[in-house]
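The structure under discussion appears below in the form of structure tokens.
The values are calculated or read from the model by the stated rules, or taken from the named source; none is laboratory data. Small disclaimer: the values here were computed from a predicted structure and weren't measured. Positions of Cβ are backbone-derived with ideal geometry, glycine not excepted, and every protein chain shown enters the neighbour counts. Remember, those area values only see protein heavy atoms, side chains included, never the ligands or the DNA or RNA. Shrake-Rupley method; radii C 1.70, N 1.55, O 1.52, S 1.80 Å.
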Number of protein chains: 2
Amino acid sequence: MSKNHKNNDKYHRILDAAIKVFADQGFHTSTIAQIAREAGVADGTIYLYFKNKQDILFQFFAYKTRLVFDNFKNAVEKEKNAIDKLKCLIRTHFEEFQRDRKMAEVYRMETRQCHRLMETQIKEMTKMYLDLIAAIVEQGQQEASMRQDLYLVLVKRFILGAVEEVINVWVISGGRYDLVSQADPLVDLFLKGIGCQEISDQ
Amino acid sequence: MSKNHKNNDKYHRILDAAIKVFADQGFHTSTIAQIAREAGVADGTIYLYFKNKQDILFQFFAYKTRLVFDNFKNAVEKEKNAIDKLKCLIRTHFEEFQRDRKMAEVYRMETRQCHRLMETQIKEMTKMYLDLIAAIVEQGQQEASMRQDLYLVLVKRFILGAVEEVINVWVISGGRYDLVSQADPLVDLFLKGIGCQEISDQ
DNA sequence: CAATAATGAATGAGCATTCATTTAACAAAA
DNA sequence: TTTTGTTAAATGAATGCTCATTCATTATTG
């Protein structure tokens, strides 16, 4: 009956337990036994809800992370001018990752690992994010709040990279300070850069 | 006699082979047998030059990567004003990583993994890099080529993150385009940002 | 002939996955 | 309400495979 385990309480118990274990030790060094213990179920039970160990990580990307990224688009659409949209995107990103630090830790770790099966998932999410940035910047150019002479491909990476690095440090610090408050200062850097206007044109 | 294996040809053969294998599959899924095969030696031989599998990765950070990062400082010192130093840092970074793509791949992957033993190495290199950026920015502020109202901690991450992300994409693409040519456009973004001067002050 | 270096088969530990068995859930019959 | 039967869910010990690591043996060097 419940082919769709996603409606089942135990599916989530196990997935959350796995995320906690992955966050602490990384995917490869985590064992099914540890995940089972953390979830309070027997080792074998995990295989009633997941195909295998890889599948747990797959579900993490396909289900958990995906939801978060879908949110970004909705949040951004609520704002109307480009600069507010950019602020909103980054604030929402920080909010969501701060809300679920274990998710942030696993995301940070495992997106850089080569797990053949996840690649598509990860690429799709990244593309969605980059497209969001591109749309915002193009709108900003039309509104004349952003420079015309931008190399868009680079701008997208420039923004994504900085955002992820700010999260990275926050994760490494153990989440001991408020991440969201860094959003506006970061957007300020994106917009104005670090140079003095008068000289930076040289 | 050769306690210091680093002077030994075979030490480098094995280390380079390992880097190639790690780059292709990641540390955890690589086997000693694969590394031995790639290096053209027997499995056991590896243990004459390295304590164990982890030690190979340790040597990668302690020896290979470390050399590259030490270079950055020297390169930067050759320039005299802050903006040129920043350009030099990023150009050199791109040059070195482009010169040795396998190294870049392993660095990208394994710095985000939790390998207890590497942590110190990685933190030290990152700190050195961030200090370099901080010094450049502070000089820029004295020279009045960079803004006075900068939150330095954030600026460091902002720059490092963007730089690493640009490398990241280049690595993912399989190194199919020229990385170094992205250095100047990136520094331009760092200095001027993406906003229009007139409005970005709003 | 040492002494040093290299070999690769053998060892054993660790762990994902399976599956025979047990337990729980629920419904129909008494 | 209790009894009994049926199905679904959960268990965890047993299996078997994959390696990292070792070490007795062989080759190389000088």
* Farthest toward the dipole's positive end in chain A, which of A:Ile83, A:Val153, A:Ala36, given Cβ charges of +1 (Lys, Arg) and -1 (Asp, Glu) about the Cα centre? -> A:Ala36
* Asked: So what's the Cα pair-distance distribution over segment B:1-50, bin width 5 Å, in %?
  -> 4, 24, 32, 22, 12, 5, 1
* **Accessible area of the protein assembly as shown belonging to carbon and sulfur atoms, whole % at 1.4 Å probe** => 49 percent
* Structure fact -> So for R0 = 45 Å, FRET eff. of A:Asp55-B:Ala135 from the Cβ-Cβ r, to 0.05, ends up at 0.40
* **Occluded residues from segment A:106-133, i.e. those whose accessible area drops by 30 Å² or more once the chain is not alone (1.4 Å probe)** => A:Arg108, A:Met109, A:Arg112, A:Gln113, A:Cys114
* Asked: What accessible area, in Å² to the nearest ten, does a 1.4 Å probe give for B:Cys88?
  -> 10 Å²
* **Rounded to the nearest 10 Å², the accessible area of B:Asp24 at probe 1.4 Å** => 80 Å²
* **Amide H contacts of A:Met146 (H built 1.01 Å from N, under 5 Å, at least 5 apart or other chain)** => A:Gln141, B:Cys196
* To do: With only Lys, Arg, Asp and Glu charged, each at its Cβ (+1 for the first two, -1 for the last two), find how big the charge dipole of the protein assembly as shown is about the Cα centre; round to the nearest 20 debye.
  => 1520 debye
* Quick one: with label points 7 Å out along Cα→Cβ, list the inter-copy distances for B:Gly174 in nm, shortest first? => 4.4
* **Accessible area in square angstrom per residue, the protein assembly as shown, 1.4 angstrom probe** => 46 Å²
* Asked: How much accessible area does B:Met128 have with a 1.4 Å probe, in Å² rounded to the nearest 10?
  -> 40 Å²
* In segment A:1-105, what trypsin sites (Lys or Arg not before Pro) fall in a loop by DSSP, with at most 12 other Cβ atoms inside 10 Å? -> A:Lys3, A:Lys51, A:Lys78, A:Lys80
* **Inter-chain Cβ neighbour average for residues A:23-33, partner chain, 10 Å** => 2
* Structure fact -> Calc'd 3J(HN,Hα), segment B:95-108, phi into Karplus 6.51 cos²θ - 1.76 cosθ + 1.60 (θ = phi - 60°), Hz, glycine/Pro = x, comes to 4, 5, 6, 6, 4, 9, 5, 4, 4, 4, 5, 5, 4, 4
* Gaussian network model of chain A, springs between alpha carbon atoms under 10 Å - residue of A:Asp149, A:Asp84, A:Asp188 with greatest fluctuation -> A:Asp149
* How far is A:Asp100 from the same spot in each other copy, in nm, shortest first, if each label point sits 7 Å from Cα toward Cβ? -> 3.9
* Structure fact -> Result for interface chain B to chain A, accessible surface buried in total, 1.4 Å probe, Å² to 100, stands at 4900 Å²
* What dipole magnitude, in Debye to the nearest 20, does segment A:100-202 give about its Cα centre under +1 on Lys/Arg Cβ and -1 on Asp/Glu Cβ? -> 480 debye
* Asked: Counting partner chain Cβ atoms within 10 Å of every residue's Cβ in A:144-157, what's the average?
  -> 5
* When the Karplus curve 6.51 cos²θ - 1.76 cosθ + 1.60 is applied with θ = phi - 60°, which whole-Hz ³J(HN,Hα) does each residue of segment B:154-168 get, with x for Gly and Pro? -> 6, 4, 4, 5, 4, 6, 4, x, 5, 4, 5, 5, 5, 5, 3
* Net dipole in debye of chain A [+1 Lys, Arg Cβ; -1 Asp, Glu Cβ; about Cα centre; nearest 20] -> 820 debye
* Please give the calculated 222 nm ellipticity per residue for chain A, where each DSSP H segment of at least 4 residues contributes -39500 (n - 2.57) and the sum is spread over every residue; nearest 500 deg cm²/dmol? => -21500 deg cm²/dmol
* To do: Using θ = phi - 60° and the Karplus relation 6.51 cos²θ - 1.76 cosθ + 1.60, list the HN-Hα couplings for segment B:17-23 in order, rounded to whole Hz, with x at every Gly or Pro.
  => 4, 4, 4, 4, 5, 4, 4
* **Convex hull of Cα atoms in chain B, direction-averaged projection (nm²)** => 13.5 nm²
* To do: Return a single number: how many Lys pairs in segment A:54-194, at a sequence separation of 8 or more or on separate chains, have alpha-carbon atoms below 19 angstrom apart.
  => 18
* **Exposure rank, largest accessible area first [A:His115, A:His12; 1.4 Å]** => A:His12, A:His115
* Distance from segment B:99-158 to segment A:14-37 (C-alpha centre basis), Å -> 30 Å
* Identify which of B:Ile19, B:Ile35, B:Ile172 has the largest mean-square fluctuation in a Gaussian network model of chain B, with springs joining Cα atoms closer than 10 Å. => B:Ile172
